[in-house]
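Report on the structure given below.
What follows is calculated from the coordinates using simple rules that are stated; it is not laboratory data. Predicted model only: the values in this text are computed from it and were never measured. When we count neighbours, we look across all protein chains shown, and the Cβ atoms used for this are built from the backbone with ideal geometry, even at glycine.
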Amino acid sequence: MDYTAKQLEIIRYENRERPLITICEGAVRSGKTVVDIDLFNILIAEQRNLRHDFIISGHTIGSIERNVFTEWEKRWGIRIKLDQHNRFDLYGNKVNCFGADKSDSYQHMTGMTGYGWYANEVTLQHRNTIIEAFNRCSGEGTRILWDTNPDYPEHFVKTDYIAKSGERLSSNRIRIKSWHFQLEDNTFLGPEYIENIKATTPLGMWYNRRIKGEWVAAEGIVYEGWDPDVHVIDPFEIPASWSRVRGIDWGFVNPFVCLWGALDPDGRLYIYDEYYQTNTLIRDHAKELYKRANYKDKQDRIQKRKYLWTIADHDAQDNAELRAFGIQTKPAQKDVLTGIQKVAERLIVRLDGKPRIMIFRTCPNLRRETGNYRWLEQKDGKPMKEEPLKVDDHGPDTLRYMIMQLDHEKPHGIHV
């Protein structure tokens, strides 16, 4: 098999030292997963027909199938088919697969003796599952392989394991060996691919982690790629053929926000109108939304605008009240960090010289809040959940709901 210089270095070290825990961490597409897959495959093959149990953990079973199985099958010419318990047989042994995204995921892992464990995307896995997997790996000759992209600097994978690379057991065996990967370590990537992935990765935290492979905190301005000279444009008449969408973030003391967007034939989103209002009842919001949906056709007749969807926060009562006034909503997908990343990706200027989201100059509140949107600061240097500051976030929240809907689900159906 073909390997990069970094991968060959790791394989030779593994064969010589056989550390208990090997961690491959760093930039995306740098070759981390490939080397772990090959080392894990060899580990299982070395114990051929011993009917031993091995463990694979990932964020979810789906992520294991996408990230691990496809490459594994291609490299080793095997066919992986999970049974009803998410297991498969390999070389006369049993490989047990576990999603680890929930606090109680570890409960599915109890009761076995593991002779090897591969954790894909380990920073995305719950600590409970990681602890339980360590408990299970008591078989003689057990080896543990992890890979991960960087996260925040105080993540326990970084502080409790990567930072302890080089530690030895009392037997003098290496307990932990960590390897740092940069994007350029994958010499099989062409220069055009590297140039493109750098150009399409949002600035700030995402670029530093994914491209540079750095363990950096989310701090300062959320949307470092935001540029009013690029993303704010003068209003224009939106073609009748363009689809229209709406997004809503509920509020009473805080503003109730509605954003109106239009999609050009390439899927670029233009936010062309906004509504911010505090201390107002739902029925009055509904009247305003209906009012702004009216337009005059070529015969000067009043028509009602149609929308692909109106996406809204999950407040059941507010949604029900708005529905009573004839406005149907769909529940927003609310994964904050994923949504922020999706918005940041749309702010990147593409090869045609335009970003994939632009805001009309007549939306002053959204413009202001997008530029002021900041990460929550850490207190006394202590680690805390990465999330934006709950100030100037009403428009950005609404925009995030809309982008998540566009990027994760094909729009269908027409609502008033």
Legend entry - Of P191, P255, P388, the one that fluctuates the most in a GNM where the chain has Cα springs shorter than 10 Å: P191
Legend entry - Computed [θ] at 222 nm, helices only, for the chain once each DSSP H run of length n ≥ 4 contributes -39500 (n - 2.57): -9000 deg cm²/dmol
Inset, instruction - Would you calculate the separation in nanometres between label points at E224 and N128, each defined as 7 Å from the Cα along the Cα-to-beta-carbon direction? - result: 3.5
Legend entry - Amide H contacts under 5 Å for D264, placed H, 5+ residues apart: Y270
Legend entry - Length-normalised contact order for the range 1-135 - Cα pairs under 8 Å, 6+ apart - percent: 28
Legend entry - Kyte-Doolittle mean at least 0.0, axial Cα span of 20 Å or more - DSSP H helices of the chain: 32-46
Legend entry - Cα-projected label distance for K164 with N86, points at 7 Å along beta-carbon direction, nm: 2.6
Legend entry - Amide proton proximity set for W146, modelled H, under 5 Å, gap of 5+: T22, I23, C24, A119
Inset, instruction - Mind checking the range 116-146 for GluC sites (Glu not before Pro) that DSSP puts in a loop (not H, G, I, E or B) and that have at most 12 other Cβ atoms within 10 Å? - result: E140
Inset, instruction - Please name which of S138, I359, I21 has its Cα lying farthest along the dipole of the chain towards the positive end, using unit charges on Cβ (Lys, Arg +1; Asp, Glu -1) and the Cα centre as origin. - result: S138
Inset, instruction - Indicate, rounded to the nearest 5 percent, the antiparallel portion of the DSSP beta bridges found entirely in the range 228-408. - result: 65
Legend entry - Out-of-range pairs (alpha-carbon distance over 26 Å; input K287/K390; K74/K94; K306/K330; K81/K330; K164/K198): K287/K390; K81/K330; K164/K198
Legend entry - Total charge dipole magnitude, the range 134-238, about the Cα centre, Cβ charges on Lys, Arg, Asp, Glu only, Debye to nearest 20: 1160
Legend entry - Within a Gaussian network of the chain (alpha carbon springs, distance under 10 Å), most fluctuating of M402, M205, M112: M112
Inset, instruction - Among DSSP beta bridges lying fully in the chain, give the percent that are antiparallel, nearest 5. - result: 40
Inset, instruction - Go ahead and run the numbers for FRET between D266 and A199, Cβ-Cβ distance against an R0 of 22 Å, rounding to 0.05. - result: 0.80
Legend entry - Size of charge dipole - the chain - debye, nearest 20, with Cβ of Lys, Arg +1 and Asp, Glu -1, no other charges: 680
Inset, instruction - Starting at the first residue of the range 69-84, write each ³J(HN,Hα) from the Karplus equation 6.51 cos²θ - 1.76 cosθ + 1.60 with θ = phi - 60°, in whole Hz, x for Gly and Pro. - result: 4, 4, 5, 4, 4, 5, 6, 10, x, 10, 10, 9, 9, 6, 8, 5
Inset, instruction - Report the charge-dipole magnitude of the range 5-210 in Debye, nearest 20, computed about the Cα centre from +1 at each Lys and Arg Cβ and -1 at each Asp and Glu Cβ. - result: 360
Inset, instruction - List the residues whose amide H sits under 5 Å from the amide H of C137, counting only those 5 or more places along or on another chain, with H placed 1.01 Å from N in the peptide plane. - result: G114
Inset, instruction - Give me the aspartates and glutamates in straight-line cross-link reach of K385: C-alpha distance below 15 Å, same-chain residues under 8 apart excluded. - result: D151, E154, E219, D335, E377
